[in-house]
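A short write-up of the structure that comes next.
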Amino acid sequence: MDRKTIKTSAFDVKSDILHILMDLGFDEKKLVIESKTNQSFHPGRSGAVHLGSNKGPLLGCFGELNPIILNQLGLENYSICGFELYLDNITEPKKSTKMRDQLMWFLNFK
C-alpha cells in the first residue's frame, strides 16, 4: 500500500481550532491568538486561543509538538501537530449551531 506523506504545520491546526470554535458559535473577531502556550508545544511554532483578549478565558492551544517530547518518544524525525480544547473554559455561546448544540448535549450528559 502506498502511503502519501501529508505535511501539516502549526498554521493548519490553527485553522482547524478556529473553525471548530466558530462552528461552536464563537465570533472569529473575538478570538485572540497569543504566542505563549504550554510546554507540550514547540516554542515559536504554537499558539493559544483566548476569548476577548489575551487575558480572557483560554479556549485552547495548538501547534507542533515540542521536539523534546518527540525525542523522548523516539519520534525525533517527525513533525507532529495537534491542538487542545479546554472544554471547561468554553461557555455556551449565544449563537446556536448544530455543532454547539451537540457539544452542549455532550457536556451536560450524565
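If you filter segment 38-71 down to residues that are within 18 Å of Val13 (Cα to Cα) and among the hydroxyl-bearing types (Ser, Thr, Tyr), you find that the one that is modelled with the lowest pLDDT is Ser40. Of the set (1) aliphatic (A, V, I, L, M); (2) modelled with pLDDT under 90; (3) touching a strand residue (DSSP E or B) at 6+ places or on another chain (Cβ under 9 Å), all apply to Leu31 but (2).
The values are calculated or read from the model by the stated rules, or taken from the named source; none is laboratory data. For clarity, every value in this text was computed on a predicted model and none was experimentally measured. Here the Cβ is made from the backbone with ideal geometry for all residues, glycine too, and neighbour counts use every protein chain on show.
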